[in-house]
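Read through the structure below, which is laid out as C-alpha cells, and then see the notes.
The values are calculated or read from the model by the stated rules, or taken from the named source; none is laboratory data. Predicted model only: the values in this text are computed from it and were never measured. Here the Cβ is made from the backbone with ideal geometry for all residues, glycine too, and neighbour counts use every protein chain on show.
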C-alpha cells in the first residue's frame, strides 16, 4: 500500500520515460521548483481539461520558476497521441507499473461514482529546489485545479 506524502517530506526520486522514450529523473531537476501531477488516463475528459489548463498556464508557471510534469500509467504511444492531439507542451511521463504513483500515494482506494475502487488518485505535488515537498494535494478536481493552484502559490 502506498503512503501519503506531507509538506517537509523528501520527494521520492524517480526516472520515468516521457512519450518519446526520453528518461526524466526528478533529481536532475534539483535547483528548480517542480509541479508534479498524477492523472488517471490520457485523453479522458477530466485529464484533458487538466492537461490543457497546465498547457495554457505553462509560460507563466515557468516564468515563476516552475517546471511541470504529468504522470499517468498510460503507455508511451497513448501519451504521445494525447500530447499531440492536445498540444501539450510539457513532459507526460509513463508509469505503467505504478511504482511512482504508489511512492507518492497517488494510487489506491478512492471513491468513483459512489463506489470504492482502486486506481489513480488525481494528485498534485509542489516540490522545492531541494527536492522537498512543499504541498501535497490529493483527490483534486480536474476543473479549476490550475487556477486554485496558482492562487495557493501566490501567482495570481
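What the table shows:
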quantity	calculated
Residue 4 under 16 Å from the mean Cα position of the chain (by Cα) and modelled with pLDDT under 95	yes
Verdict on residue 12 being within 14 Å of the chain's Cα centre (by Cα), assigned to a loop (DSSP other than H, G, I, E, B) and surrounded by fewer than 21 Cβ atoms within 10 Å (Cβ to Cβ)	yes
Within region 93-103, tally of residues that are touching a strand residue (DSSP E or B) at 6+ places or on another chain (Cβ under 7 Å) and either without any contact (Cβ under 8 Å) to a residue 40 or more places away in the chain or on the phi > 0 side of the Ramachandran plot (or both)	1
Top-ranked residue in region 75-92 [being closer than 20 Å to residue 45 by Cβ and in contact with a strand residue (DSSP E or B) (Cβ under 6 Å, 6 or more places away or on another chain); ranked as surrounded by the fewest Cβ atoms within 10 Å (Cβ to Cβ)]	90
Residue in region 94-103 that is surrounded by the most Cβ atoms within 10 Å (Cβ to Cβ), counting only those that are out of contact with any helix residue (DSSP H, G or I) (no Cβ under 8 Å at 6 or more places or on another chain) and not in a helix (DSSP H, G or I)	98
Candidates 142, 106, 51, filtered to the one that is under 24 Å from residue 5 (Cβ atoms), in contact (Cβ under 8 Å) with a residue 40 or more places away in the chain, surrounded by fewer than 21 Cβ atoms within 10 Å (Cβ to Cβ) and touching a helix residue (DSSP H, G or I) at 6+ places or on another chain (Cβ under 9 Å)	142
Some residue of region 121-133 being surrounded by fewer than 18 Cβ atoms within 10 Å (Cβ to Cβ) and part of a strand (DSSP E or B)	yes
In region 109-120, the residues that are over 25 Å from residue 56 (Cβ atoms) and either surrounded by 13 or more Cβ atoms within 10 Å (Cβ to Cβ) or in contact with a strand residue (DSSP E or B) (Cβ under 6 Å, 6 or more places away or on another chain) (or both)	109, 110, 116, 118, 119
Flag if residue 20 is without any contact (Cβ under 8 Å) to a residue 40 or more places away in the chain, assigned to a loop (DSSP other than H, G, I, E, B) and either touching a helix residue (DSSP H, G or I) at 6+ places or on another chain (Cβ under 8 Å) or over 20 Å from residue 136 (Cα atoms) (or both)	no
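So that you can scan it fast, the table gives a plain yes or no per residue for (1) part of a loop (DSSP other than H, G, I, E, B); (2) within 16 Å of the chain's Cα centre (by Cα):
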{"residue": "43", "(1), (2)": "yes, yes"}
{"residue": "51", "(1), (2)": "no, yes"}
{"residue": "58", "(1), (2)": "no, yes"}
{"residue": "69", "(1), (2)": "no, yes"}
{"residue": "84", "(1), (2)": "no, no"}
{"residue": "90", "(1), (2)": "yes, yes"}
